[in-house]
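Participant: Okay, here's the structure, questions in a sec.
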Amino acid sequence: MSVTGYVFHPSYLDHDTGAGHPEIAARLEAVMSRLKSDGLLERLVPVEARRAAEAELAAVHSRGYISRVREICAAGGGWLDADTPVSKKSCEAAEYAAGGAVAAVEAVMGGGEGISSCFALVRPPGHHAFTGAGGGFCLYNNIAIAARYAQSRYGLRRLAIIDFDVHFGNGTAAVFQDDPDVLFISTHQFPHYPGGGDVDDTGSGSRISIPLPEGCGDDEYLSIFDDIILPAVRRFRPELLLVSAGFDAHRDDPLAGMKVSTEGYSGIAGRIKRLAEEICGGRMVFCLEGGYNLEALAASVAVTFRALLGGAPDLSPRPVPQRVAGLAAALKQRNRLD
């Protein structure tokens with residue numbers, strides 16, 4: 001039986017984005033309520049979050065940027081950009097979010113309890129945060145901090161990050177721009193915020209950008225996993241699999257135009273679990289990114305946990321739909337996946 005952990009900390013609810021903002025504390029409240037009502041919490045192992053040390057933050061972010069964020073918090077709040085408010089308690093939340101991702105890595109790398117997979121249920125999210133700038137609701141790049149920690153603490157030579165948020169993980173892509181030891185794969189609606197991420201946006205390290213047209217649903221996403229993502233990760237042979245898990249490609253999400261169902265996310269999680277078991281002893285860390293319809297987010301996280309716990313989603317290979325056939329062929333040729 002799979003042992004799965006989760007990270008949550010009360011400080012995540014104290015990051016106040018203000019009235020009308022889509023990235024709100026109610027997102028995590030809905031998730032935790034759903035996990036409890038579905039009886040999943042009692043099947044999961046809680047992993048204690050800790051506040052990230054400054055050195056852990058500075059492995060990804062400039063010290064000048066860290067100081068700037070702290071100064072805004074100390075002043076009572078402000079903005080990193082037009083989409084990214086910072087409140088008095090945002091520093092604590094953001095540092096515990098980064099530390100929560102690090103704690104998840106520690107858990108799956110042998111921190112006890114026999115945990116092979118761990119989902120860090122954190123906010124603020126992180127994948128739009130650059131070395132010297134936040135944005136897109138993100139303060140610190142949680143998944144990147146977790147990856148750098150895994151490299152430095154455990155000496156891992158190859159890591160893979162799969163980002164299935166509906167928005168291109170531009171911050172994460174920039175952090176690992178020149179690092180051939182980190183394979184970064186992003187599926188995202190294109191064109192869409194924040195820009196970038198077309199098929200030629202490959203960096204000089206190891207990156208696969210998968211720009212999907214608006215309206216893609218389960219068939220397109222699952223076939224892309226089967227045809228492109230799984231073969232690419234198998235070829236790379238990472239020692240740890242990290243996942244930026246955004247659920248805003250859901251058909252009910254208000255901030256995008258994709259059509260993934262809740263069951264589709266079960267299929268994605270099941271494929272990632274099977275892949276991790278095949279190539280890296282089942283070691284995988286999920287880190288929450290987007291998802292802004294409360295019911296859809298909570299349901300999608302719940303089915304993800306069921307898959308990680310050993311549920312049996314439909315993992316039969318999906319044929320490539322015509323609308324993404326050209327994209328799949330181009331990606332195969334570019335990345336030599338034939």
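The values are calculated or read from the model by the stated rules, or taken from the named source; none is laboratory data. Predicted model only: the values in this text are computed from it and were never measured. All Cβ positions, glycine included, derive from the backbone under ideal geometry; neighbour counts span all protein chains shown. Ligands, DNA and RNA are excluded from the accessible area calculation, which covers all protein heavy atoms including side chains. Shrake-Rupley method; radii C 1.70, N 1.55, O 1.52, S 1.80 Å.
Participant: Considering only protein heavy atoms, what is the solvent-accessible area of residue 198 at a probe of 1.4 Å, reported in Å² to the nearest 10?
Facilitator: 60 Å²
Participant: So for 279, 66, what's the accessible-area order with a 1.4 Å probe, most first? Mind dumping the intermediate values first?
Facilitator: On the way: 279 20, 66 0 Å².
Heavy-atom accessible area, descending, gives 279, 66.
Participant: So if I take the alpha carbon set of the chain, get Rg, then get Rh from the Kirkwood formula, what is the Rg over Rh ratio? Write down the numbers at each step before the final one.
Facilitator: Values: Rg = 18.1 Å, Rh = 19.4 Å.
So for the chain, dividing Rg by the Kirkwood Rh gives 0.93.
Participant: On to the next question. Using a 1.4 Å probe, how large is the accessible area of residue 8, given in Å² and rounded to the nearest 10?
Facilitator: Per-residue accessible area (residue 8): approximately 60 Å².
Participant: A follow-up question, please. Rank these residues by their accessible area, most exposed first, probe 1.4 Å: 207, 237.
Facilitator: Of 207, 237, the descending order of accessible area is 237, 207.
Participant: On to the next question. Using the heavy atoms of the protein chains and a 1.4 angstrom probe, tell me the accessible area per residue for segment 14-125 in square angstrom. Kindly include the intermediate steps, with their values, before the conclusion.
Facilitator: Numbers: 4590 Å² over 112 residues.
Solvent-accessible surface per residue comes out at 41 Å².
Participant: For the chain, give me the percentage of DSSP beta bridges that are antiparallel, rounded to the nearest 5 percent.
Facilitator: Numbers: 5 of 40 bridges.
Antiparallel bridges: around 10 percent, rounded to the nearest 5.
Participant: For the chain, what is the mean residue ellipticity at 222 nm derived from helices alone (per DSSP H run of n ≥ 4: -39500 (n - 2.57); sum divided by total residues; nearest 500 deg cm²/dmol)? Before the final figure, lay out the partial values.
Facilitator: Working: 11 runs with 126 residues, N = 338.
Estimated from H runs of four or more residues: -11500 deg cm²/dmol.
Participant: To continue, here is another question. Search the structure for amide H atoms under 5 Å from the amide H of residue 6, placed 1.01 Å from N in the peptide plane, and list their residues when 5 or more places away or on another chain.
Facilitator: Under 5 Å from the amide H of residue 6: 45, 47, 119.
Participant: Within 10 Å of each candidate Cβ there may be at most 16 other Cβ atoms; applying that plus a DSSP loop requirement, which trypsin sites (Lys or Arg not before Pro) in segment 27-136 survive?
Facilitator: Working: sites: 27, 34, 36, 43, 50, 51, 63, 68, 70, 88, 89; in loops: 50, 51, 88, 89.
Those that pass, being in a loop and sparsely packed, are 88, 89.
Participant: In units of 2.2 N^0.38 Å, what is the alpha-carbon radius of gyration of segment 215-338? Please report the intermediate quantities before stating the final value.
Facilitator: Details: Rg = 14.3 Å, N = 124, 2.2 N^0.38 = 13.7 Å.
Computed over Cα atoms of segment 215-338, the ratio equals 1.04.
Participant: Hey, another quick one. With a 1.4 Å probe and all protein chains left in place, how much of the accessible area of the chain comes from carbon and sulfur atoms, in whole percent? Let's see the in-between values first.
Facilitator: Details: 5790 of 12140 Å².
The C+S portion of the solvent-accessible surface of the chain is 48 percent.
Participant: Quote the accessible area belonging to residue 283 in square angstrom, nearest 10, computed with a 1.4 Å probe and with ligands, DNA and RNA left uncounted.
Facilitator: 70 Å²
Participant: Let me ask you something else. Using a 1.4 Å probe, what is the accessible area per residue for segment 171-216, in Å²?
Facilitator: Details: 1580 Å² over 46 residues.
Accessible area per residue: 34 Å².
Participant: Which order do 96, 193, 65 take when ranked by solvent-accessible area (1.4 Å probe, heavy atoms of all protein chains), largest first?
Facilitator: Values: 96 45, 193 95, 65 5 Å².
So, going from the largest accessible area down, we get 193, 96, 65.
Participant: Mind ranking 291-302, 306-317, 255-266 by how tightly packed they are, going by the mean number of other C-beta atoms within 10 angstrom, highest first? Show your work: numbers first, answer last.
Facilitator: Numbers: 291-302: 22.7, 306-317: 16.0, 255-266: 20.8.
Ranked from most to least packed, the peptides come out as 291-302, 255-266, 306-317.
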